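In what follows, a single structure is set out as structure tokens and then discussed.
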Amino acid sequence: MKAFYTILLLVFSNVFMTFAWYGHLKLQEMKVSSNWPLYAVILFSWIIALAEYSFQVPTNRIGFQGNGGPFTLMQLKVIQEVITLVVFTIFSTVLFKGESLHWNHLAAFLCLILAVYFVFMK
């Protein structure tokens, strides 16, 4: 169950992270934050990032082998990166017009799948 909780919390963490890093661009596109000064955009992103950290830190504690979890530090990082890119891909293709998947993106995802395979190899 720790592996399941780790991956689930990583997904939640990465949803918040993606909105913290790129959500302000969508808000600007929608004319919600186009007049905000940069410090307000940064503060807004930090507030969202606080939620991201609230998921990420417990995730690493639950999932890390040194704390009784199922994953090594390297495995945790690779899983996190793959989840980050999947969440970002969904976010960018659904919320931003003009963003779409191309063959080279799919080739990069294949490389990520191979990275997960290799990091879990004995």
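The values are calculated or read from the model by the stated rules, or taken from the named source; none is laboratory data. Treat the numbers as computed from the prediction; the structure is a model and nothing was measured. Note: ideal-geometry Cβ built from the backbone for every residue, glycine included; neighbour counts use all protein chains shown. SASA here: full protein model, heavy atoms, side chains in, ligands and nucleic acids out. Shrake-Rupley method; radii C 1.70, N 1.55, O 1.52, S 1.80 Å.
Quick rundown of the values:
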quantity	calculated
Checking Phe12 against (1) among the aromatic types (Phe, Trp, Tyr); (2) modelled with pLDDT under 95; (3) within 30 Å of Lys2 (Cβ to Cβ), the condition it does not meet	(2)
Residue that is nearest to the chain's Cα centre (by Cα) [pool: residues in segment 79-122 that are under 19 Å from Tyr22 (Cβ atoms) and among the polar types (S, T, N, Q)]	Thr84
Unmet requirement for Phe71, which otherwise passes all of (1) within 15 Å of the chain's Cα centre (by Cα); (2) surrounded by 15 or more Cβ atoms within 10 Å (Cβ to Cβ); (3) more than 22 Å from Glu99 (Cα to Cα)	(1)
Positions within segment 99-122 being outside any helix (DSSP H, G or I) and open to solvent by less than 80 Å² (accessible area, probe 1.4 Å), in sequence order	Ser100
The one condition in (1) open to solvent by 70 Å² or more (accessible area, probe 1.4 Å); (2) assigned to a helix (DSSP H, G or I); (3) within 20 Å of Val15 (Cβ to Cβ) that Val87 fails to fulfil	(1)
Test result for Val82, in contact (Cβ under 8 Å) with a residue 60 or more places away in the chain and part of a helix (DSSP H, G or I)	no
Only listed residue being part of a helix (DSSP H, G or I), open to solvent by 30 Å² or more (accessible area, probe 1.4 Å), more than 27 Å from Met121 (Cα to Cα) and not aliphatic (A, V, I, L, M), chosen from Lys31, Lys77, Lys26	Lys26
Flag if Ala20 is farther than 28 Å from Tyr117 by Cβ, in contact (Cβ under 8 Å) with a residue 12 or more places away in the chain, touching a Ser or Thr at 6+ places or on another chain (Cβ under 8 Å) and assigned to a helix (DSSP H, G or I)	yes
